[in-house]
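Below is one structure; the comments refer to it alone.
The values are calculated or read from the model by the stated rules, or taken from the named source; none is laboratory data. Note that the structure is a prediction, hence the values are computed from the model and not measured. Positions of Cβ are generated from backbone atoms using ideal geometry, with glycine treated the same way; all protein chains shown enter the neighbour counts. We work out accessible area using only protein heavy atoms, side chains counted, and drop any ligands, DNA or RNA first. Shrake-Rupley method; radii C 1.70, N 1.55, O 1.52, S 1.80 Å.
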Amino acid sequence: GNLTERLDLVQIGAAQNGKIGSFFTKGTVTSVIRLKNSGDIHVQPFGKVLIKNMTGKLVYEYELNNKTPRDNILPESTRRFEDELKSKKLFGRYTIEANLGYSQGSGDLISAKTSFWYVPTWALIALLVILAAGAGGVYWLLKRRANSTRHKSKK
C-alpha cells in the first residue's frame with residue numbers, strides 16, 4: 001500500500017531544567033522542539049535551528065538531529081529534541097527559529113518561531129532600585145512643592 005510521511009510540530013520553546021518557559025533569570029537555557037509522527041512510516045527529522053537576539057543578530061545555531069544515523073520518530077509517537085544554548089552572555093529577548101525537514105525527497109518543510117526573555121537577577125534588582133529611586137524622587141518633589149505652596153499662601 002501507499003505509505004504516508006507526516007510530521008507535526010507539537011512544541012517549540014526555551015526550557016530550563018526540562019520546564020518550558022518564556023522568562024528566565026539565571027542558569028542554563030535549552031531550546032526544545034517536540035515533533036509528532038502522524039504518518040505510518042518512521043521519519044528522521046533534520047534541519048537548522050537559529051537563536052537570534054533582540055537586534056536580529058545570530059548568537060547561536062545548530063543542526064537538529066545531527067548524528068549518524070539520525071534518530072527516528074516512529075509512527076504515532078512524539079520525540080523531544082533539546083539542545084543547550086551555548087551563549088553565556090544572555091540578556092534580553094531572544095527568538096528561536098527552526099526550519100526542519102523530514103521527507104525522503106518530497107521537500108516537506110516545517111518552519112516555526114518563538115521568543116523568550118533572559119534577564120539576569122542582578123539586572124532585575126538594579127531595575128527595581130532605579131524604579132524605587134525614581135518613585136521616591138517624584139514623591140519628594142511633590143511633597144516639597146506642596147510645602148512651598150502652603151508657605152506662600154500663609155504670607
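Quick notes
- Single match in S31, S22 (criterion: of a type outside the set (D, E, K, R), at pLDDT 95 or above and surrounded by fewer than 18 Cβ atoms within 10 Å (Cβ to Cβ)): S22
- Tally, over segment 89-137, of residues that are open to solvent by less than 60 Å² (accessible area, probe 1.4 Å) and either touching a helix residue (DSSP H, G or I) at 6+ places or on another chain (Cβ under 9 Å) or of a type in the set (A, V, I, L, M, F, W, C) (or both): 11
- Flag for T95 being more than 20 Å from E5 (Cβ to Cβ) and of a type in the set (S, T, N, Q): yes
- Residues in segment 34-56 that are open to solvent by less than 60 Å² (accessible area, probe 1.4 Å), of a type in the set (A, V, I, L, M, F, W, C) and within 15 Å of R79 (Cα to Cα): L35, I41, V43.
- Scanning segment 76-96 turns up at least one residue that is basic (K, R), in a strand (DSSP E or B) and over 13 Å from the mean Cα position of the chain (by Cα).
- Of all residue pairs spaced 6 or more apart or on separate chains, those with beta-carbon atoms under 6 Å, a first member in segment 82-95 that is at pLDDT below 80 and a second member that is part of a strand (DSSP E or B) are S87/V59; S87/Y60.
Every residue, every condition in (1) assigned to a strand (DSSP E or B); (2) modelled with pLDDT under 85; (3) farther than 30 Å from N53 by Cα, yes or no:
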{"residue": "G107", "(1), (2), (3)": "no, yes, no"}
{"residue": "K113", "(1), (2), (3)": "yes, no, no"}
{"residue": "A123", "(1), (2), (3)": "no, yes, no"}
{"residue": "V129", "(1), (2), (3)": "no, no, no"}
{"residue": "G136", "(1), (2), (3)": "no, no, yes"}
{"residue": "A146", "(1), (2), (3)": "no, yes, yes"}
{"residue": "T149", "(1), (2), (3)": "no, yes, yes"}
{"residue": "S153", "(1), (2), (3)": "no, yes, yes"}
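- Hits in segment 9-19 - residues which are open to solvent by 10 Å² or more (accessible area, probe 1.4 Å) and either under 15 Å from L64 (Cα atoms) or not in a strand (DSSP E or B) (or both): L9, Q11, I12, N17, G18
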